[in-house]
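Beneath this line is the structure, given in structure tokens, with notes to follow.
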Amino acid sequence: MIGAIVASGVFLTVEGIEGSGKSTQMLLLSERLRQMGLPLIVSKEPGGTSLGIQIRKILLDRDPKLETCSPESELLLFYADRAQHLKEVIRPALSENKIVLVDRFEDSSRAYQGTLGVSKILLDQLSETIIGSTKPHLTILLDIESKFSLQRVESRNLSLGGEFSERRYDQEALDFHQEVRRRFLDIAHQEPHRIHIVKAHRSPDEVFEAVWDRVSKTLKAHGHLVS
Ligand code: TYD
């Protein structure tokens, strides 16, 4: 609270293709907000609730060589996760005027499942029904060329002894990632007031400086930081 102004709930999301440095920026941002003593909830999709953890397993631990999942089934699973996440975590925290920081949200469905062929009509209908007015106040889109992001993913896989190499999306071809990136950028250009693009092919500290610059403005506007 600042003077007579009561800080209101702030919904922040971070998006980007694999290898964009999203996990690092999520960590740096949540550490900074915690250090400042701000009321914070950090979460992710899929997997921000106990039901979501089970859904996450279905989605990400499948072996695509053994079973196929239609893009629509996949989307509905992501939305089952999201509906529960909104009900259990996001809406309650916002109504308590907290800052809610979420790793991936609706834009990921539009970018990934859109690339897989799900229609915009279905994406719009689910968004309207499940998310409604609970839209992020600010989305940071970490943007990086797919060839660089895939190099990062590859070296991460190698350093993890190949553990993650079974993961489905990391194995998708470069053109898949290029299309996902294009879709993220399209959404950002359609919603410039909500989505802030941060160039991610830089050092983590440089990227974080740009992320913090924008996030702090949003927090000030909602009364969580003094101007
Ligand atoms: P995750 O392990 O959380 O990795 P990342 O660090 O890349 O976020 O994997 C989440 C995967 O799920 C990622 O490949 C993007 C994908 N995804 C969708 O396809 N649609 C969605 O709506 C969401 C939330 C994620």
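The values are calculated or read from the model by the stated rules, or taken from the named source; none is laboratory data. Keep in mind it's a predicted model, so treat the numbers as computed, not measured. Glycine gets a Cβ as well: all are built from the backbone with ideal geometry, and neighbour counts include every protein chain shown. Please note that ligands, DNA and RNA were not included when accessible areas were found on the heavy atoms of the full protein model with its side chains. Shrake-Rupley method; radii C 1.70, N 1.55, O 1.52, S 1.80 Å.
Considering the range 20-52 alone, what residues qualify as being within 15 Å of the ligand (Cβ to nearest atom) and open to solvent by 20 Å² or more (accessible area, probe 1.4 Å)?
Pass one, the range 20-52, residues within 15 Å of the ligand (Cβ to nearest atom): 20-30, 42-49, 51-52.
21, 22, 23, 24, 27, 28, 42, 44, 48, 51 - these are the residues of the range 20-52 that are within 15 Å of the ligand (Cβ to nearest atom) and open to solvent by 20 Å² or more (accessible area, probe 1.4 Å).
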**Q.** Failed criterion for residue 81 (all others in (1) within 10 Å of the ligand (Cβ to nearest atom); (2) open to solvent by 50 Å² or more (accessible area, probe 1.4 Å) hold)
**A.** (2)
Q.
Against the condition on the phi > 0 side of the Ramachandran plot and outside any helix (DSSP H, G or I), how does residue 37 come out, does it pass?
A. yes
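Scan the range 205-227 residue by residue and report those that are assigned to a helix (DSSP H, G or I), within 19 Å of residue 13 (Cβ to Cβ) and of a type outside the set (A, V, I, L, M).
Once the filter is applied, which keeps residues that are assigned to a helix (DSSP H, G or I), within 19 Å of residue 13 (Cβ to Cβ) and of a type outside the set (A, V, I, L, M), the range 205-227 yields 208, 212, 213, 214, 216, 217, 218, 220.
Which of the residues spanning the range 53-78 are more than 10 Å from the ligand (Cβ to nearest atom), open to solvent by 30 Å² or more (accessible area, probe 1.4 Å) and in a helix (DSSP H, G or I)? If you could, list the steps in order and put the result at the bottom.
So the first thing to find is which residues in the range 53-78 are more than 10 Å from the ligand (Cβ to nearest atom), and the list is 53-55, 57-58, 61-70, 72-73, 76.
Filter again for open to solvent by 30 Å² or more (accessible area, probe 1.4 Å), leaving 53-54, 57-58, 61-70, 72-73, 76.
Result: 53, 54, 57, 58, 72, 73, 76.
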**Q.** Lone unmet requirement of (1) open to solvent by less than 50 Å² (accessible area, probe 1.4 Å); (2) part of a helix (DSSP H, G or I) for residue 14
**A.** (2)
Q) Looking at (1) over 19 Å from residue 177 (Cβ atoms); (2) out of contact with any Phe, Trp or Tyr (no Cβ under 6 Å at 6 or more places or on another chain); (3) modelled with pLDDT of 95 or more, can you tell me which one residue 113 breaks? A) (1)
**Q.** Residue that is farthest from the ligand (Cβ to nearest atom), among those in the range 92-105 that are buried (at least 16 other Cβ atoms within 10 Å of the Cβ) and not in a strand (DSSP E or B)
**A.** 97
**Q.** Contacts under 7 angstrom Cβ, first residue in the range 46-63 being in contact (Cβ under 8 Å) with a residue 24 or more places away in the chain, partner exposed (fewer than 13 other Cβ atoms within 10 Å of the Cβ), 6 or more apart
**A.** 47/53
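Can residue 9 be described as under 17 Å from residue 108 (Cα atoms) and surrounded by 12 or more Cβ atoms within 10 Å (Cβ to Cβ)? Lay out the reasoning, then the answer.
Numbers: under 17 Å from residue 108 (Cα atoms): no; surrounded by 12 or more Cβ atoms within 10 Å (Cβ to Cβ): yes.
No; evaluated as a whole, the condition is false for this residue.
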Q: Scan the range 1-16 and report the pairs whose first residue is at pLDDT below 90 and whose second residue is open to solvent by less than 50 Å² (accessible area, probe 1.4 Å), with Cβ atoms within less than 8 Å and a gap of 6+ or a chain change.
A: 1/7; 1/223; 2/223; 5/223; 6/223
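Taking the conditions exactly as written (open to solvent by 10 Å² or more (accessible area, probe 1.4 Å), within 15 Å of the ligand (Cβ to nearest atom), farther than 23 Å from residue 221 by Cα and out of contact with any helix residue (DSSP H, G or I) (no Cβ under 8 Å at 6 or more places or on another chain)), does residue 152 satisfy them or not? Can you show your working first?
Values: open to solvent by 10 Å² or more (accessible area, probe 1.4 Å): yes; within 15 Å of the ligand (Cβ to nearest atom): yes; farther than 23 Å from residue 221 by Cα: yes; out of contact with any helix residue (DSSP H, G or I) (no Cβ under 8 Å at 6 or more places or on another chain): yes.
It is true that residue 152 is open to solvent by 10 Å² or more (accessible area, probe 1.4 Å), within 15 Å of the ligand (Cβ to nearest atom), farther than 23 Å from residue 221 by Cα and out of contact with any helix residue (DSSP H, G or I) (no Cβ under 8 Å at 6 or more places or on another chain).
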Q | Residue that is surrounded by the most Cβ atoms within 10 Å (Cβ to Cβ) [pool: residues in the range 108-140 that are away from the ligand (no atom under 13 Å from the Cβ) and of a type in the set (Val, Ile, Thr)] | A | 140
